[in-house]
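The values are calculated or read from the model by the stated rules, or taken from the named source; none is laboratory data. Everything numeric here is computed off the predicted structure, so don't read it as measured data. Every residue, glycine as well, gets a Cβ built from its backbone with ideal geometry; the counts of neighbours run over all protein chains shown. Heavy atoms of the whole protein, side chains included, go into the accessibility calculation; ligands, DNA and RNA do not. Shrake-Rupley method; radii C 1.70, N 1.55, O 1.52, S 1.80 Å.
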2 protein chains.
Amino acid sequence: MPRSTRAVQGRQLEHPEAGQIQLEAVLSALADPIRLRIVHDLSQGHEDMACIAFELPVSKSTSTHHFRVLREAGIIRQYYEGTSRMSRLREQDLQERFPGLLAAVLNAQDARPSPDRDTAATPGRDRVGS
Amino acid sequence: MPRSTRAVQGRQLEHPEAGQIQLEAVLSALADPIRLRIVHDLSQGHEDMACIAFELPVSKSTSTHHFRVLREAGIIRQYYEGTSRMSRLREQDLQERFPGLLAAVLNAQDARPSPDRDTAATPGRDRVGS
DNA sequence: GTCGTAGTTTGACAATCTTCGTAGTACGAC
DNA sequence: GTCGTACTACGAAGATTGTCAAACTACGAC
C-alpha cells in the first residue's frame, strides 16, 4: 500500500491508552538492564530525549527494539521531531494506572548496588552534549 | 558416587540475602502471570502455603520451576515441612530493599483486570494517588 | 518393609527475547 | 537533485524461558 499517503507528520507511532497498560507488560519491559537504564535516564530531569542521546552499549537496531518495547508497554511516549525520535516518560499515565509503581522502581534502582557500568568517575554525568 | 552424603535435613534451599536481591530479578520474576498469581495468593492472608495449595494450571514440574524463580529472586522463602514445601512472601526483606515496590505491584494487580476500562472509565474504583 | 503423597531433576521442545548486520525510509541541509 | 543523519524493518543467530513427561527422592503412614 502507498504508505506515503500518510499525514504530513507521517510517522505516527502506536501507543496504548493509559487505561490499557498491562501490568505484566510493564514489569517485563522494566526487567531488562538496558531498558531500566533508559527509564532511569528519562526520569533524571530531561523530559524529552532522542534515542541517540542515550549512548546505549548496543547497536542501533537493538536500540530501536528496546524503545519499541517500552513504548508498546506504555512506559514511554515517542514522537518525531525532524529525523529524531523523541522519548518521554509517561509518568502521569503510569501513576494513574499503577500508583506508586514507577516511583518504587526508580527508587529501587537508585538504592541498588551499582555495577559501575559507566565507570563511577562521572559524577557530573555528562550525557552527551547532543 | 555418594549422593546420600548430604546433610540429614537434606533438602536445603538456597535463598539470596535481603541485601543481595536484584531489582531486575524481582521484576523479571513478577513479569509472569502465574508467578504474579502465586505472589498475590501469598499476600492474601495465608502466611505459608504448600505448593499444591495453589492449584496452578500447570504441571508439577512447571510449578517447581516457577517457585524456584520466585525463591531465587528473593521474593519468597521456602522450607520443608514433612513432604510439603511451604512458601512465604519475603515482604519485610523486599520492603527493606526496595521500599514500596511489592506493595505497588500487589495494588496494581488488584486494579488491573479491566478490559472494559474504555466504557466506564472506572470512576471511583481504583483511587489514584499514593 | 510397602505404599502413597509431594515435590525434584532431567531432558526435550517450542516460543520468545536479545542481539546483530544489512538494506531501506524520512527528514534537513546544501 | 545529492548527501548525511537518525532511525526502522527484515531476517538470522544465539540465548533464555515456559512447558511437559518420565524417572527419581524424601517423608509419613501402614
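A quick yes/no check of all residues on (1) of a type in the set (Gly, Ala, Ser); (2) modelled with pLDDT under 95; (3) not in a loop (DSSP other than H, G, I, E, B):
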site	(1), (2), (3)
B:GLN95	no, no, yes
B:PRO99	no, no, no
B:LEU102	no, no, yes
B:ASP110	no, yes, yes
B:VAL128	no, yes, no
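Kindly provide the set of residues from region B:66-85 that are in a helix (DSSP H, G or I) and open to solvent by 10 Å² or more (accessible area, probe 1.4 Å), ordered by number.
Here is the first cut: in region B:66-85, the residues in a helix (DSSP H, G or I) are B:66-73.
Answer for region B:66-85, where residues must be in a helix (DSSP H, G or I) and open to solvent by 10 Å² or more (accessible area, probe 1.4 Å): B:HIS66, B:ARG68, B:VAL69, B:ARG71, B:GLU72.
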Next on the checklist: Out of the residues in region B:53-65 meeting the condition of being within 15 Å of the chain's Cα centre (by Cα) and open to solvent by 60 Å² or more (accessible area, probe 1.4 Å), tell me which one is nearest to DNA strand D (Cβ to nearest atom).
Outcome noted: B:HIS65
Next on the checklist: Just checking, does region B:40-52 include any residue being surrounded by fewer than 13 Cβ atoms within 10 Å (Cβ to Cβ), part of a helix (DSSP H, G or I) and at pLDDT 90 or above?
Outcome noted: no
Checklist outcome for this item: Quick count over region A:11-39, residues being within 11 Å of DNA strand D (Cβ to nearest atom) and at pLDDT below 95, is 4
Checklist outcome for this item: Across (1) open to solvent by less than 50 Å² (accessible area, probe 1.4 Å); (2) touching a residue at least 24 places away in the same chain (Cβ under 8 Å), A:ARG88 clears everything bar (1)
Next on the checklist: Any residue in region B:46-75 that is within 14 Å of another protein chain (Cβ to nearest Cβ) sitting within a Cβ distance under 6 Å of a residue that is open to solvent by 50 Å² or more (accessible area, probe 1.4 Å) and within 10 Å of DNA strand D (Cβ to nearest atom)? List the pairs, counting only those 6 or more apart or interchain.
Outcome noted: none
